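Peer 1: Just passing along the structure, written as structure tokens.
The values are calculated or read from the model by the stated rules, or taken from the named source; none is laboratory data. All of these numbers come straight from a predicted model, not from anything done at the bench. Here the Cβ positions follow ideal geometry from the backbone for every residue, glycine too, while neighbour counts run over all protein chains shown. Please note that ligands, DNA and RNA were not included when accessible areas were found on the heavy atoms of the full protein model with its side chains. Shrake-Rupley method; radii C 1.70, N 1.55, O 1.52, S 1.80 Å.
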Amino acid sequence: MAAPILRWCCPGRRWALASIDRGSRHGRGAPPGSWFCGKRGQRSVVQKLLSAAQKLRKGEREWTAVVGLEIHAQISSNSKLFSASKVHFAAPPNSLVSFFDASLPGTLPVLNRRCVEAAVMTGLALNCHINKKSLFDRKHYFYADLPAGYQITQQRLPIAVNGSLVYSVCAGKKQNQVISKTVRIKQIQLEQDSGKTLHDDLRSQTLIDLNRAGVGLLEVVLEPDMSCGEEAATAVRELQLILQALGTSQANMAEGQLRVDANISVHHPGEPLGVRTEVKNLNSARFLAKAIDYEIQRQINELENGGEILNETRSFDYKLGCTVPMRDKEGKQDYRFIPEPNLPPLVLYDSASLPANADPQQVINIDQIREQLPELPSVTREKLVQQYGMLPEHSLTLLNEVGLLEFFQNVIKETRAEPKKVTSWVLNTFLGFLKQQNLAVSESPVTPSALAELLNLLDRKAISSAAAKQVFEELWRNEGKTPAQIVSEKQLELMQDQEALEQLCHAMMEEHPQVVMDMKKGNPRAINKLIGLVRKATVNRADPTVIKEILEKQLSSRSVSGPSDGHRSGACET
């Protein structure tokens, strides 16, 4: 039977199906997602489906995908949410656990002021309404890494609600069209993190590390306003930049400081929403995009083959590139939410409601925090466009790559080159070398000072563009030499003797009369050929722009004075 293949046919919203021949899968005869994964080392079925989906065929049907996100960001704080235990990544197991974290009887929570301020600041930056009164609840479930048997969270009345996150995606064939999109934020709530479960397959045992238990989290719930993996990944990256700019979270996904759960469903346009699945614990933007796009494909193929979508929790296997089932959610778990009896309501104030004799250390002023908000990424991008005249998509790249904006600004401070030239070198040459070798900006062998010195040489026309790229390659080898030393050793300086260059251009025109005739006829390739010949004769030490000016000037004088004597005598003999 022909199986439907997913194809994205409208940016951001519509998905369509084509067909290929393969065996069908109905109902629950095989585990969800099993035939998508394939074997390791082989081309996956997903890749084959994507390849076959490049051509749409008759009878295709449109689908709409709906994606919502739950994002957990670890708050940047020296201590945990309800205890004085320190927070430190990669500390020895169970070395940062207080009596409260271990849930010993008689211990009580003490709310961390820093965590509350971080939640308010994040809510304000995301255009949320800050509730002056919020409540804490107990969410009951039983895991070995949750000693109390419940998590303290804010289910009924969270600290912030009804916000929005604006993010930009690049569209068009050349990715040069910047489109702004908005996703609604349902709520932001404070809650505890759980401990960490470590599985030791060698000894067939499971170990518990409670260092993370009780660490403060911000849960940011995004409404299902997205429709593909790219949109979700871009929204998460924008939120990550905002959190880092605020200082409320380091948001390092590699260290688990930012974790994402994605809720995904598909339906035909105009019909009710489909059954959703949840993909848990996605810890990189790339894997988030891949997991969402794969899950959308899986659901559509399942429905088109007569199967059904289960309301289940899945995880993403990054090695196989597919989602796999974790647990069934059809019997909905009862978390038995109850008010937290050991914590009073959290009360915040603004300037109008602040008590007259209130101790600043005992109250939190929303308006005061609003005044202290730093510059957000969207404002930074606008300033880059206005100050340096760069394209919006370039400002996006500068902020999205960790450390790249700081690198760019340091180069700008030390060079006399135009900002547009600096932008081009940083985004094309420098970033290109980083990606080729899979390096972070902080790992680059080329420093901002070295690149600035190179651009200064290029700006004062001491070297050509081709020579500058050669010098950059030498700098990348990290041999400890400056650009000036490399230029001197390799003899890459541009010719400064104008008279000698004019004589060389004249000689080339005499040696290639046919090319000169083509130039007179307006053939643009002819002058490029002569420029190449002159540069070859100077071992690329002549500036192409200067060569072109000299050639055009000499061609103009030839046109006024007529052909050379040799050519005239030849004409007479004919």
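Residue-wise test of (1) closer than 26 Å to Leu126 by Cβ; (2) in contact with a strand residue (DSSP E or B) (Cβ under 6 Å, 6 or more places away or on another chain); (3) at pLDDT below 90; (4) outside any helix (DSSP H, G or I).
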| residue | (1), (2), (3), (4) |
| --- | --- |
| Arg314 | no, yes, no, yes |
| Pro325 | no, yes, no, yes |
| Arg336 | no, yes, no, yes |
| Asp359 | no, no, yes, yes |
| Arg370 | yes, no, no, no |
| Glu375 | yes, no, no, yes |
| Lys383 | yes, no, no, no |
| Gln386 | yes, no, no, no |
| Thr397 | yes, no, no, no |
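Peer 1: With respect to the numbered conditions (1) surrounded by 18 or more Cβ atoms within 10 Å (Cβ to Cβ); (2) more than 30 Å from the chain's Cα centre (by Cα), which one is the sole condition not fulfilled by Ser103?
Peer 2: For Ser103, the failing item is (1).
Peer 1: Does the range 497-518 hold any residues that are open to solvent by 20 Å² or more (accessible area, probe 1.4 Å) and of a type in the set (A, V, I, L, M), and which are they?
Peer 2: Scanning the range 497-518 gives Ala500, Leu504, Ala507, Met508, Met517.
Peer 1: Suppose we keep only residues that are part of a loop (DSSP other than H, G, I, E, B) and over 30 Å from the mean Cα position of the chain (by Cα) within the range 110-137. Which one would you say is surrounded by the most Cβ atoms within 10 Å (Cβ to Cβ)?
Peer 2: Phe136
Peer 1: If you don't mind, there's one more thing I want to ask. Got a number for residues in the range 278-291 being touching a residue at least 40 places away in the same chain (Cβ under 8 Å) and open to solvent by less than 10 Å² (accessible area, probe 1.4 Å)?
Peer 2: Within the range 278-291, residues that are touching a residue at least 40 places away in the same chain (Cβ under 8 Å) and open to solvent by less than 10 Å² (accessible area, probe 1.4 Å) number 3.
Peer 1: So, in the range 138-155, exactly how many residues are touching a strand residue (DSSP E or B) at 6+ places or on another chain (Cβ under 6 Å) and either of a type outside the set (S, T, N, Q) or not in a strand (DSSP E or B) (or both)?
Peer 2: 9
Peer 1: What are the pairs, 6+ residues apart or on separate chains, where a residue within the range 401-412 that is outside the structural domain of Ser284 (by the TED database) has its Cβ under 6 Å from a residue that is among the basic types (Lys, Arg) and surrounded by fewer than 20 Cβ atoms within 10 Å (Cβ to Cβ)?
Peer 2: none
Peer 1: Continuing with this model, one more query. If you check Thr206 against the conditions, is it touching a His at 6+ places or on another chain (Cβ under 7 Å) and modelled with pLDDT under 95?
Peer 2: yes
Peer 1: Let me ask you something else. Any residue at all in the range 522-532 that's surrounded by 11 or more Cβ atoms within 10 Å (Cβ to Cβ) and more than 50 Å from the chain's Cα centre (by Cα)?
Peer 2: Within the range 522-532, not a single residue is surrounded by 11 or more Cβ atoms within 10 Å (Cβ to Cβ) and more than 50 Å from the chain's Cα centre (by Cα).
Peer 1: May I pose another question? Taking Thr153 as the residue in question, decide whether it is assigned by the TED database to the domain that holds Asn78 and open to solvent by 20 Å² or more (accessible area, probe 1.4 Å).
Peer 2: No: the conditions fail for Thr153.
Peer 1: Kindly indicate the residue of the range 533-566 that is under 16 Å from Met508 (Cα atoms) and more than 51 Å from the chain's Cα centre (by Cα) and also modelled with the lowest pLDDT among those meeting that condition.
Peer 2: By that ranking, first place goes to Gly566.
Peer 1: Hey, another quick one. Only one of Leu218, Leu198 is in a strand (DSSP E or B) and open to solvent by 30 Å² or more (accessible area, probe 1.4 Å); which?
Peer 2: Matching residue, one of Leu218, Leu198: Leu198.
Peer 1: Return yes when Gly172 is at positive phi, open to solvent by less than 60 Å² (accessible area, probe 1.4 Å) and either in the same structural domain as Asn281 (by the TED database) or more than 26 Å from the chain's Cα centre (by Cα) (or both) and no when it is not.
Peer 2: The answer is yes for Gly172.
Peer 1: Turning to a different aspect of this structure: Only residues that are open to solvent by less than 20 Å² (accessible area, probe 1.4 Å) and in contact (Cβ under 8 Å) with a residue 40 or more places away in the chain: list them for the range 381-398, please.
Peer 2: Hit for the range 381-398 is Leu396, nothing else.
Peer 1: Enumerate the pairs (first residue in the range 235-252 and within 15 Å of Thr182 (Cβ to Cβ) and among the charged types (D, E, K, R); second residue anywhere and open to solvent by less than 10 Å² (accessible area, probe 1.4 Å) and not in a helix (DSSP H, G or I)) with beta-carbon separation below 7 Å, excluding pairs fewer than 6 apart on the same chain, so at least 6 apart or on different chains.
Peer 2: Glu238/Leu165; Glu238/Tyr167
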